[in-house]
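Take a look at the structure below.
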Amino acid sequence: MLTLSWTRPVVDTAQEGRGSPTRENLWQALLHKAEHPMDYVPAIVECRIHERYPDGLLREIRRGEHTFLQRVTAHKSAGLIVYRHLDHTDIAEIRNEIGRDEEGRLTLTLSITLSGARTDVVLDQNPYLRDLDSDFHGTLDAMTAVLRQVSTEASTAVGAVTALT
């Protein structure tokens, strides 16, 4: 799957130093956005909450002509809200994540992960992304193989040390 992301400072330079929002304020606003997306996302024209859970909710949104069912999960300690699409759409998941830039200012990262089928279409249509994807798949495969070996050896070594003490 292919993930795209965009990060922006929450406070622009004109607002800096004038009652900037805290991480908690931003978190509360993101929770509000999950239940009332029409106030934040111009393309969403309707939202119905179907169920509530301790960690989130199940909602149905209408964006233009399309209706989507999403399981929304909030991860407060990570500053992350995940919107998983439960129906078959081009987008598998959307994330809103609070962070900080190199100057310590609050940021918001919006990322989308395309479904497997949509990822294949995008990679077929774009040679640059296809080559990049292939390169990083190979890199990840090599890294994973070494990490498995090193972590297995480390756990065996830790077990041997533990057995000696």
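Can you work out the Karplus-derived ³J(HN,Hα) for every residue in the range 41-58? Use 6.51 cos²θ - 1.76 cosθ + 1.60 with θ = phi - 60°, whole Hz, and x for glycine or proline.
Coupling constants for the range 41-58: 10, x, 6, 8, 10, 7, 8, 10, 8, 8, 8, 10, 10, x, 10, x, 7, 10 Hz.
Report Glu103's accessible area, 1.4 Å probe, all protein chains in place, as a number in Å² to the nearest 10.
Near enough 130 Å² of accessible area.
Quick one: what does P(r) look like for the range 1-94 with 5 Å bins over all Cα pairs, in whole %?
Percent of pairs per bin, in order: 3, 11, 19, 24, 19, 13, 7, 4, 1.
Counting only protein chains, not ligands or nucleic acids, how are Met1, Met38 ordered by accessible area (probe 1.4 Å), most first?
I get Met1, Met38, largest accessible area first.
In whole percent, how big is the carbon plus sulfur part of the accessible area of the chain, probe 1.4 Å, protein atoms only? Spell out each step's value before the answer.
Working: 6180 of 11030 Å².
The C+S portion of the solvent-accessible surface of the chain is 56 percent.
Tilt of helix 127-164 relative to the longest C-alpha principal axis of the chain, in degrees (0 to 90, nearest 10)?
50 degrees
Subtracting the Cα-Cα distance from 0.36 nm times the residue separation, let me have the gained length for Thr7 to Arg100 in nm, one decimal. Spell out each step's value before the answer.
Working: separation 93, 0.36 × 93 = 33.48 nm, distance 0.99 nm.
Gain on extension, Thr7 to Arg100, equals 32.5 nm.
Dipole magnitude of the chain about its Cα centre, charges +1 at Lys/Arg Cβ and -1 at Asp/Glu Cβ only, in debye to the nearest 20? Intermediate results must be reported in sequence, preceding the final value.
On the way: 18 positive and 24 negative charges, 111 e Å.
That gives the chain a dipole magnitude of about 540 debye.
I'd like the orientation of helix 23-35 relative to the chain: the angle between its Cα long axis and the longest Cα principal axis, in ° from 0 to 90, rounded to 10.
70 degrees
Apply 1/(1 + (r/R0)^6) to the Cβ-Cβ distance of Glu153 and Gln28, taking R0 = 30 Å, and write down the FRET efficiency to the nearest 0.05. Each step should come with its number before you reach the end.
On the way: r = 46 Å, r/R0 = 1.53.
Result of the calculation: an efficiency of 0.05.
Given H placed on each backbone N at 1.01 Å, which residues far from Thr107 in sequence or on other chains put an amide H within less than 5 Å of it?
For Thr107, whose amide H was placed from the backbone, the distant partners under 5 Å are Val10, Gly99, Arg100, Asp101.
Please name whichever of His137, Val150, Asn96 sits farthest to the positive end of the charge dipole of the chain, dipole taken about the Cα centre and charges placed at Cβ: Lys and Arg +1, Asp and Glu -1.
Asn96
Rounded to the nearest whole Å², what accessible area per residue is found for the chain with the 1.4 Å probe? Each step should come with its number before you reach the end.
Working: 11030 Å² over 165 residues.
On a per-residue basis, the chain sits at 67 Å².
Here are some values of P(r) over Cα pairs in 10 Å bins from 0, in percent: (1) 9, 26, 26, 23, 12, 4, 0; (2) 10, 31, 25, 15, 11, 6, 2, 0; (3) 11, 44, 36, 8, 0. Which one was computed from this structure?
(1)
The values are calculated or read from the model by the stated rules, or taken from the named source; none is laboratory data. These numbers come from a predicted model, not from an experiment. Note that we place each Cβ from the backbone using ideal geometry, even for glycine, and neighbour counts take in every protein chain shown. For the accessible areas, the whole protein counts, side chains as well, though only heavy atoms, and no ligand, DNA or RNA atoms are used. Shrake-Rupley method; radii C 1.70, N 1.55, O 1.52, S 1.80 Å.
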